[in-house]
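The values are calculated or read from the model by the stated rules, or taken from the named source; none is laboratory data. These numbers come from a predicted model, not from an experiment. No Cβ is skipped: glycine too gets one built from the backbone with ideal geometry, and neighbour counts run over all protein chains shown.
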Amino acid sequence: MFHLMPYRDLPDDFEKRYHSVWVDPPFHELSTPEKAGQFYNWTLDELIHAAKAGMDGVCVNEHHQNAYGNMPGPNLMGSVLARATAGTDVAIVQMGATLPTTQPPIRVAEEYAMLDCISGGRLVAGMPLGSPMDANLCYGITPIEQRERYYEAHDLILKAWQSREVFPWNGKYTQLPMVNLWPRPVQQPHPPVWVPGSGSLSTWDFAVQHDHCYCFLSYFGSKLAKGVMDGFWEFVGKSERDSNPYRAGFLQLLVVSETDARAEEEYYPHIRYFYDKCLHIAPEFAAPPGHQDYRSLVNTMKKQFKDVRSMRDELPNFTFKDFVDKGFVIAGSPATVRDQLQEAIKDLRVGNLMVLLHIGSMPHELTLKNIDLFSREVLPHVRDLWDNEWENRWWPESLRAMRALPAEAVPAGGAS
Amino acid sequence: MVTTQDRTLTTWRDEIETRVKTAGAGPPVVFLHGAYGLQWDPFLDNLSESHTVYAPEHPGTTPGAPDALKPLDNLWDLVLYYYELFDELGLDAPAVIGHSFGGMVAAEIAATNPERVNKLVLIDPIGLWRDDQPVRNWMTTSFGDLPKYLFADQNLPIAQMMTAAARMTNLSDEQMDMQIQIMWSAACTGKFVWPIPDKGLKKRIHRIQAPTLIIWGRQDGIAPPIYAEEFAQRIKNARVELIDNAGHVPQMEQLQQVSGLVSDFLRS
């Protein structure tokens, strides 16, 4: 289960009154530290509940200065999760600490090693490039240098985890006289690495070259993702790598209720909240010059400009049915969700599925219900779709054996 | 409009090719463009009536050569690169005019080696910073809002065109290419000033020896005109001219006045 930890209590007219959900929304007008504390604890409880309910992994990520995702320090959350799931077979998926904004980047190597030690080798090491809002606006990274910084940080982290010798690192962005990491990760030669991306060719190339798992993080569903993932698999096909579906990950918004009609009734306002408010990002913050290299810029402008602008115009009018029909959200009764999800997984050929079970303003109790229904009624039917043919080489080795289903699902509220 | 010639020069151990537009005859003057790339405009036409104008394109901004920026890591590299470019052009100590981002680069060149610049014209330059009057970050300002900060007159055709383009859901190939060119130019220049255009000029600017003319649009919404004084008080031999009814690009909005001031200054 993936949790963004959005701020759950934005005013109804937020998107009309405020410029952007990211970078410049005023904290004191919109929130209080006490509310933030409540949301952190709910979020942790929801993820721990998900772990107990039978989910294979729990997943958090990093964002700054925003009401879209409130975890500037994902490893603080990961640390609580690693401890609270001690002795279980649940992976701690950090998606993760952002490489170009962590200076020096061995901080990521250290904290991930700590998490791997605390969890007994259950870490999945996500290595995000960082959104423009986070990296360029909030953390001041020069856009045109961001990707190069990322590559250098990645190489440093991998070497720091594996080198038996103390070594000097003479990089363009980081110089360290004697790298000698304490502690080292449990998993050898290193924890599995997942690389989140949004469809750019440079990221495919990087993930495939290093044999990492490529995760396409989209909020626009499996149907629009099809083009991207087909492109990815075609790219893999031209490389030396196999077509193991676990080489790819995908993020899916998903809500389950007793019936399709109840799903609409219970979840639609929160889906609306997510697309209207959580994604209310000032376009100029999302694309500062240089964030994309020249080829990607040309590609995006020529191929996506029209789609993006028309999507921006159409989204506010989407009904619940539109969201479901277009696959942005998989929603409905357990049977409906099972069918849609199986189709999406097969269609995209993804082994590592991240499900966003808390969406926008969803309250705590409803989130627990969604987690329970998904874990009990849906997960057992999709978990082993690829297992007859392929091994998940991008999963902590000690957790790869097929997981037994929980004897009984934890009742809603049981973890709070 | 005068006919310009393109020259392509190779510098930096053959790693950087630079296109330089030139026109006119007379004493040499180098023009360094702003963040959005080089537009040969009527101001440069006027200038070329009395001078040989050299207008280099900042590395990476020349169409077809987006990677030319890669060998230059930082501002120090960029300044040294310009000395090499002056050498290749056979310019010992030309007059240098810099606009906006180019103004900062011109000031850096003149401060680092005062012997390489004999006169300096800074048109709405960036490069200094006041917390109480911050320079607006043009790279994070929406395209549709930019005219408000760039121009005094919102009815200018270019202001209208930019505002309209920001609202369109479909762009012609020509408009698309222009947007890509503008975005990429801002990326290549932004490399040296992100996220705040205060990269140490304040520590070096006192070294400038060249007589300096500072021109500023009174309605500049990017770099407020208060910065004219900030520059002037740090340069030994500087004079300020504030231009009415002009924003960040006074050489466009008040062409004849600015052309006159510059040519008088260069002749004096």
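Within the stretch B:162-205, if we keep just the residues that are surrounded by fewer than 13 Cβ atoms within 10 Å (Cβ to Cβ) and part of a helix (DSSP H, G or I), the residue that is farthest from the other protein chains (Cβ to nearest Cβ) turns out to be B:203.
Kindly indicate whether residue A:291 is surrounded by 18 or more Cβ atoms within 10 Å (Cβ to Cβ), closer than 29 Å to residue A:205 by Cα and not aromatic (Phe, Trp, Tyr). Taking the combined requirement at face value, the residue satisfies it.
Assess whether residue A:186 counts as being within 20 Å of the chain's Cα centre (by Cα), more than 24 Å from residue A:3 (Cα to Cα) and either at pLDDT 95 or above or among the polar types (S, T, N, Q) (or both).
Details: within 20 Å of the chain's Cα centre (by Cα): no; more than 24 Å from residue A:3 (Cα to Cα): yes; either at pLDDT 95 or above or among the polar types (S, T, N, Q) (or both): yes.
So residue A:186 does not fit the description; no.
So which residues in the stretch A:97-106 are assigned to a loop (DSSP other than H, G, I, E, B) and in contact with a helix residue (DSSP H, G or I) (Cβ under 6 Å, 6 or more places away or on another chain)?
Pass one, the stretch A:97-106, residues assigned to a loop (DSSP other than H, G, I, E, B): A:97-105.
Hits for the stretch A:97-106 are A:97, A:99, A:100, A:101, A:102, A:105.
Would you say residue A:147 is of a type outside the set (Ser, Thr, Tyr), surrounded by 24 or more Cβ atoms within 10 Å (Cβ to Cβ) and either within 14 Å of chain B (Cβ to nearest Cβ) or in contact with an Asp or Glu (Cβ under 9 Å, 6 or more places away or on another chain) (or both)? Judged against the criteria, residue A:147 is not a match.
The requirement of being surrounded by fewer than 18 Cβ atoms within 10 Å (Cβ to Cβ), polar (S, T, N, Q), within 14 Å of chain A (Cβ to nearest Cβ) and out of contact with any Pro (no Cβ under 6 Å at 6 or more places or on another chain) is satisfied by residue B:137. Do the conditions hold for residue A:214, that is, is it aromatic (Phe, Trp, Tyr), modelled with pLDDT of 95 or more, buried (at least 23 other Cβ atoms within 10 Å of the Cβ) and not in a loop (DSSP other than H, G, I, E, B)? Here the answer is yes, as residue A:214 does meet what is asked. Here is the figure for the stretch A:278-301: residues that are more than 7 Å from chain B (Cβ to nearest Cβ) and more than 27 Å from residue A:15 (Cα to Cα) total 4. Of all the numbered requirements in (1) more than 24 Å from residue B:17 (Cβ to Cβ); (2) within 14 Å of chain A (Cβ to nearest Cβ), residue B:67 misses one, and that requirement is (1). The residue that is surrounded by the fewest Cβ atoms within 10 Å (Cβ to Cβ), among those in the stretch B:141-155 that are of a type in the set (Gly, Ala, Ser) and within 13 Å of chain A (Cβ to nearest Cβ), is B:142.
Taking each residue of the stretch A:160-178 that is away from chain B (no Cβ under 14 Å) and looking for partners that are among the aromatic types (Phe, Trp, Tyr) and surrounded by 16 or more Cβ atoms within 10 Å (Cβ to Cβ) with beta-carbon atoms closer than 7 Å, six or more apart or interchain, yields A:176/A:169.
Where in the stretch A:1-56 are there helices (runs of 4 or more DSSP H), lying wholly inside it, with at least 3 residues that are of a type in the set (A, V, I, L, M)? Let's see the steps before the verdict.
Working: elements: A:14-17, A:27-30, A:33-53.
In the stretch A:1-56, the matching helices (runs of 4 or more DSSP H) lie at A:33-53.
Considering B:158, B:208, B:226, the condition of being away from chain A (no Cβ under 14 Å) and buried (at least 23 other Cβ atoms within 10 Å of the Cβ) is satisfied by B:208 alone. Do you know which residues across the stretch A:47-66 are surrounded by 23 or more Cβ atoms within 10 Å (Cβ to Cβ), of a type in the set (A, V, I, L, M, F, W, C) and over 16 Å from the mean Cα position of the chain (by Cα)? The answer is A:51, A:53.
Among the residues of this structure, residue A:72 does not count as one that is under 26 Å from residue A:174 (Cβ atoms), surrounded by fewer than 24 Cβ atoms within 10 Å (Cβ to Cβ) and in contact (Cβ under 8 Å) with a residue 40 or more places away in the chain.
Considering the conditions (1) in contact with a His (Cβ under 9 Å, 6 or more places away or on another chain); (2) closer than 19 Å to residue A:258 by Cβ, residue A:340 is excluded by exactly one of them, (1). Here's a check for you: in the stretch B:1-46, which residue that is in contact with a Leu (Cβ under 8 Å, 6 or more places away or on another chain) and among the aromatic types (Phe, Trp, Tyr) is surrounded by the fewest Cβ atoms within 10 Å (Cβ to Cβ)? Ranking the candidates gives B:12 first. Counting only strands (runs of 3 or more DSSP E) that sit completely within the stretch A:107-197, zero hold 1 or more residues that are at positive phi and touching a Cys at 6+ places or on another chain (Cβ under 9 Å). Within the stretch B:198-219, the set of residues being of a type outside the set (Phe, Trp, Tyr) and under 25 Å from residue B:244 (Cβ atoms) comprises B:211, B:212, B:213, B:214, B:215, B:217, B:218, B:219.
Annotation note: Cβ proximity below 7 Å between a residue of the stretch B:1-18 that is over 16 Å from residue B:42 (Cα atoms) and a residue that is basic (Lys, Arg) (sequence gap 6+ or interchain) occurs for B:6/B:19; B:6/B:21; B:8/B:19. Condition check for residue B:155 on (1) part of a loop (DSSP other than H, G, I, E, B); (2) within 19 Å of the chain's Cα centre (by Cα): one failure, at (2). Across the stretch B:122-141, a minimum of one residue is classified as in a helix (DSSP H, G or I) and hydrophobic (A, V, I, L, M, F, W, C).
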